[in-house]
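In what follows, a single structure is set out as structure tokens and then discussed.
Throughout, read-outs are computed from the coordinates displayed, never taken from laboratory work. Please read these numbers as outputs of a predicted model, since none were measured by experiment. As a convention, Cβ positions derive from the backbone with ideal geometry for all residues, glycine included, and neighbour counts pool all protein chains shown.
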Amino acid sequence: MSEVIWGLATSHVPSIGAAMDRGRTADPGWAPLFEGYEPARAWLARRTPDVAILIYNDHANGVDLDIVPTFALGTAERYRVADEGFGRRPVPDVVGAPDLSFHLVQQLMDEGFDLTVFQELDVDHGFTVPLSVWTPNPGDAWPCPVIPLLVNVIRYPQPTAARCYALGQALGRAIASFQGAGTVGILGTGGMSHQLAGARAGFVNPEFDHMFLDAIANDPEKLAALSREDYIREAGSEGIEMIMWLIMRGALNERVRTVHTAYHIPASNTAAGLALFDNRADSTD
């Protein structure tokens, strides 16, 4: 039996990765954001799982926009860092965990989630920036193997928040039934409120974001009940990415301990948030 020991939700703004890669994290415009990450990073550095699962959306770098799966899971042994048009980020490629991946595919299919399966996949900033938020100096390798779980939050109709939360719950059950992983960390990425184009370009909604940060810990069902239109109206057209946080939260226990939260406006033109949860039932630290 494998155990989910923590869940981490974080924004995946590409400029966050660029600021790290260019050594600008102490610049006045960036320092408050990265200072907010430090308590989470310190806690995570002492609790490295055997495997991590990272829930994200591709930005037309690993998946062509002509074919966008609603949910997809990688089963590869290795995932290359994508070149998004300005060179690959100077971070390690990602080692996969095929045995756990195949187990998850079967278990989730048996629960009614018809997944697309990627046996080869390049991962973009939606994947690598959260890894850098977790581990800013990975050296030659990330702390553990990582499995990508892709979600369509770009092409309408996106999956509902309720469907994402249900997928997370099924994911938690599938992990618990696996004998080989030991401990698992889960990252949910995207958001918070932002809109990149149109009449509301630059829109952020701190009131909604703070409500979300509280509810993701204490009342995720409230967030799962919101419609696509609710998310787009309250959080902007790209703010619907926050439904991916619900997959992470669904895989955790009903009650979790909040280790740390952070919130910053703006990272680029985006409200950026972080929430770290301890999922160990007997945790005292």
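Note on segment 1-24: residues that are without any contact (Cβ under 8 Å) to a residue 24 or more places away in the chain and either assigned to a strand (DSSP E or B) or surrounded by fewer than 20 Cβ atoms within 10 Å (Cβ to Cβ) (or both) amount to 4.
I'd like to know if segment 182-197 contains one or more residues that are over 23 Å from residue 272 (Cα atoms), in contact (Cβ under 8 Å) with a residue 60 or more places away in the chain and crowded, with 21+ Cβ neighbours inside 10 Å. Don't jump to the end; show me each part of the working.
First pass over segment 182-197, keeping only residues over 23 Å from residue 272 (Cα atoms): 182-184.
With in contact (Cβ under 8 Å) with a residue 60 or more places away in the chain added as a condition, the list becomes 182-184.
Right, trim to crowded, with 21+ Cβ neighbours inside 10 Å and you get 184.
Yes, the conditions are met somewhere in segment 182-197.
Of the residues 112, 96, 85, the single one that is small (Gly, Ala, Ser), at positive phi and out of contact with any helix residue (DSSP H, G or I) (no Cβ under 9 Å at 6 or more places or on another chain) is 85. If you take the residues in segment 70-82 that are of a type outside the set (S, T, N, Q) and crowded, with 17+ Cβ neighbours inside 10 Å, which one is nearest to residue 106 (Cα to Cα)? By that ranking, first place goes to 73.
Taken over segment 83-116, the residue count meeting the criterion of being in a loop (DSSP other than H, G, I, E, B), surrounded by fewer than 16 Cβ atoms within 10 Å (Cβ to Cβ) and among the hydrophobic types (A, V, I, L, M, F, W, C) is 1. Counting just the residues of segment 198-224 that are within 20 Å of the chain's Cα centre (by Cα) and among the aliphatic types (A, V, I, L, M), which one comes out surrounded by the most Cβ atoms within 10 Å (Cβ to Cβ)? Step by step, filter segment 198-224, then rank; the result is 216. For beta carbons closer than 6 Å, sequence separation of 6+ or different chains, a first residue in segment 266-280 that is touching a residue at least 60 places away in the same chain (Cβ under 8 Å) and a second that is part of a strand (DSSP E or B) and charged (D, E, K, R), the qualifying pairs are 278/257. Residues that are assigned to a loop (DSSP other than H, G, I, E, B) and of a type in the set (Phe, Trp, Tyr) within segment 25-54 comprise just one, 30.
Restricting attention to segment 207-237, the residues being of a type in the set (Gly, Ala, Ser) and more than 24 Å from residue 157 (Cβ to Cβ) number 1.
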